[in-house]
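All remarks here apply to the structure that follows.
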Amino acid sequence: MATTAPTGSPPSQPSLTHSPPPRKLTSVKALSESPGLSSIPSIYTFPKQPNHEPVSDTKEPIPTIDFSLLISSNPDERSKTIRELGKACGDWGFFMVTNHGVPERMMKAMIEVCREFFELTEEEKGECEGKHVLDPIRYGTSFNPSVDKILYWRDYLKIFQHPAFHSPSDPPSFREIALDYSKRTRGVMKEIVRGISESLGLEDKYVEKASNLENCLQIMIANLYPPCPQPELAMGLPAHSDHGLLTLLIQNDTVGLQVLHKDKWVNIHPIPNSFLANIGDHIEILSHGKYKSVLHQAVVNDRDVRISIALAHAPAADAAVSPAPMLLEDGQNPLACQAMKYKEYVELQQSNKLDGKSCLEHIRNRGI
C-alpha cells in the first residue's frame, strides 16, 4: 500500500531502546463509531490532575508573522519582521504565519485527502502500520501503545516527505497532493529558519548549515481526533514539545490545540489560510535556551471531528546539533546539551511515552 520515491515533576528519563511491537488495537475512529457508545473504555481515562494549569482564552493575541514582509526586498520591512519573529520565538514559541504563498486550495486538498485516508477500511489502513519509529510510513493510534499506560483519543498517519518522498498508495490522489504541498511548505520553512537565525544575531544561513537543512528530515503527521462521548476524561495528546526545528500546522475548522503560555493553557484559534508555527527542541538546543520549545496538547470534544496536519522540519538524520558557540556567554558550558544525532533523538522520543520535555532533559543531563 506504500510507494517510495528514490532517495535523494521532573520528567522521567527515557531510555534509548527499541520498543516492542505495538499491541493490536482498534482505531479510535472505529471505537467512536461503535453503536450506542456513551462512555469510553477505562484505558482511555486520564486521572484528574490536582495541580493542573488553568485554561485561559487570553486576551493577549498569539503573534502573527507576515511572511511576505519576511522575504521583502525592502530591508527596513524585513528587519522589522525579523525582530517580530525573534520576539514571537522568545515570548511564545508559537506564531501564526500569514501571506505565505501556499495556495488555500492546496491546504484544503491536503486536509481532505488525509480525511479520505482515515475513511479507508481498517484493513486498508492497516497495510500502513509501521514496525519501527523510523519507518517512513506509519499508521497507528494513540502515541506509542507499547508503552502508553493510558491511550490517547487519536489516530495518526506519519509519512517521511524529505529527503526521500514516501506516500500511501490509497487514496490514489494522496501522492500528488502531498508531494506538491510538502515541497511548497519546505520553502516557507527555510525562509522562517533563516529569519530565526538572523534574529539570534547569527548569519542568516547558520542554522541551515548547522543542521544540514538541504537534507532535512520532513515528516508529515496527520492526526484524527474523533468525537469523544466523555471528552473531560480523555486526551488527544498530552503535554509535549516537538522535536526538530520548526513545525508548520494546518487543521480543519474544529479547535482543540492548547499552548502553555505564562503557566496557563491557551486555546488556539487559527487564522484561516494560515500556518500555525512552533519552534522545536533543536532550536532550543542551538540557541542555548534563548528560544525555548513550548509545551502544547490536544484536547477532544463530543461533537466534531478534528483533523490536523503537522509538517515537522528537522535537521538531517545524521546531523548532531549543538549550541552555537557565539551564543555562549563567558563561563558557560558548551556541552550543556550534549550533541546527539537527530535520528537518535527521534528514536528516543518516539520509543518512549510522551512526557513533556523529558527527551531534552535527558540529553541535558548527559551533557552535565
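Only the coordinates and a few stated rules stand behind these numbers; no lab work does. Small disclaimer: the values here were computed from a predicted structure and weren't measured.
Remarks
- Pairs from the list 29/131; 158/343; 29/292 with a Cα-Cα gap above 25 Å: 29/292.
- Coupling constants for the stretch 250-260 follow from the phi torsions by the Karplus curve (6.51 cos²θ - 1.76 cosθ + 1.60, θ = phi - 60°), and in residue order they are 10, 7, 6, 7, 8, 7, x, 8, 10, 10, 7 Hz; glycine and proline get x.
- Separation of alpha-carbon centers, the stretch 159-195 and the stretch 255-321, rounded to whole Å: 18 Å
- For residue 80, the aspartates and glutamates whose Cα falls under 20 Å of its own Cα, not counting residues fewer than eight places away in the same chain, are 66, 91, 191, 198, 203, 204.
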